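In what follows, a single structure is set out as structure tokens and then discussed.
The values are calculated or read from the model by the stated rules, or taken from the named source; none is laboratory data. This one's a predicted model, so the numbers in the text were calculated from it and none came from an experiment. Positions of Cβ are backbone-derived with ideal geometry, glycine not excepted, and every protein chain shown enters the neighbour counts.
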Amino acid sequence: MIHATAIIDPTAQLADDVEVGPYSIIGPQVEIGAGTVIGPHAVIMGPCRIGRGNRIFQFASVGEEPQDKKYAGEPTALEIGDENVIREYVTISRGTVTGLGKTVIGNGNLFMAYTHVAHDCIVGDHCVFANGASLAGHVEVGDHAILGGFTLVHQFTQIGTGAFCGMGSLIASDIPPFSTAAGDRSRVIGINKEGLKRSGFSPELIRALHKSFRELLKSREPKPDVYKNLEPLCAEFAEVEVFVNFVRNSKRGIVS
């Protein structure tokens, strides 16, 4: 299961059925769960904990030191959940002591070739990062979000649950849940209707989210009045409440 040319640090802990391909390097303080497959020429450095059933392809760099000039060798970490696919030349960095101290990846995500997740990022579950999509430090990405090819996300930005970012998007402010954003210096252009339909959202819920989007991001009414007007929809639909609270609590402001 472990190729003779692979280099495994004595402190690394691998489940019995983990596969490691030729010339891969598993560094100190790395834990890898059952059913995970590491391709050839991959590098995994610790402290790093990787869950079950992951697939890491050739030339990926996982758990290396953060690309932060303030980093001075402190013992920070990377945590990766289960059933993720990490394709060729993907880079995922550990955290920093000035941030969370760790980078966190959830479950069931697909990171296509050349994507990058910087230090102290949090990525939820079942996200898709198309080729070349990159997160700067301290970014949070909610569940089921999709980043189109070569999307670039500014540090400390939040991308909400179910959001869709079109190819080549430059994201410098927060993207609300269930929204679609696109373009250089991206703007939010509406609710991600097709994505919501594919996820089984009811027509009533999609209409409620569309109404919330229109009133919160396009209306000129004072925000306190809009929040009050949307209270009945928040009470009826938990997803609308998530959307409204995201906009209300955004620190970087909403792309519009």
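What residue, of G160, G101, G142, is touching a helix residue (DSSP H, G or I) at 6+ places or on another chain (Cβ under 6 Å), modelled with pLDDT of 95 or more and not polar (S, T, N, Q)?
G160
Of (1) out of contact with any Cys (no Cβ under 9 Å at 6 or more places or on another chain); (2) surrounded by fewer than 22 Cβ atoms within 10 Å (Cβ to Cβ), G108 satisfies all except one. Which?
(1)
Condition check: among the β-branched types (V, I, T), surrounded by 15 or more Cβ atoms within 10 Å (Cβ to Cβ), more than 20 Å from the chain's Cα centre (by Cα) and in a helix (DSSP H, G or I). Does V226 satisfy that?
Values: among the β-branched types (V, I, T): yes; surrounded by 15 or more Cβ atoms within 10 Å (Cβ to Cβ): yes; more than 20 Å from the chain's Cα centre (by Cα): yes; in a helix (DSSP H, G or I): yes.
Spelling it out, V226 is indeed among the β-branched types (V, I, T), surrounded by 15 or more Cβ atoms within 10 Å (Cβ to Cβ), more than 20 Å from the chain's Cα centre (by Cα) and in a helix (DSSP H, G or I).
Can you confirm whether region 37-55 contains a residue that is over 22 Å from L14 (Cα atoms), crowded, with 19+ Cβ neighbours inside 10 Å and either touching a residue at least 12 places away in the same chain (Cβ under 8 Å) or more than 19 Å from the chain's Cα centre (by Cα) (or both)?
No: zero hits.
Output the residues belonging to region 137-159 that are closer than 23 Å to D82 by Cα and part of a loop (DSSP other than H, G, I, E, B).
Once the filter is applied, which keeps residues that are closer than 23 Å to D82 by Cα and part of a loop (DSSP other than H, G, I, E, B), region 137-159 yields G137, H138, V139, G142, D143, H144, A145, G148.
Being in contact (Cβ under 8 Å) with a residue 24 or more places away in the chain, within 17 Å of R49 (Cα to Cα) and in a loop (DSSP other than H, G, I, E, B) is the filter here; which residues of region 101-124 pass it?
Kept after step one, since they are in contact (Cβ under 8 Å) with a residue 24 or more places away in the chain, are these residues of region 101-124: 101-120, 124.
Right, trim to within 17 Å of R49 (Cα to Cα) and you get 101-109, 117-120, 124.
Scanning region 101-124 gives G101, G106, N107, G108, N109, A118, H119, D120, G124.
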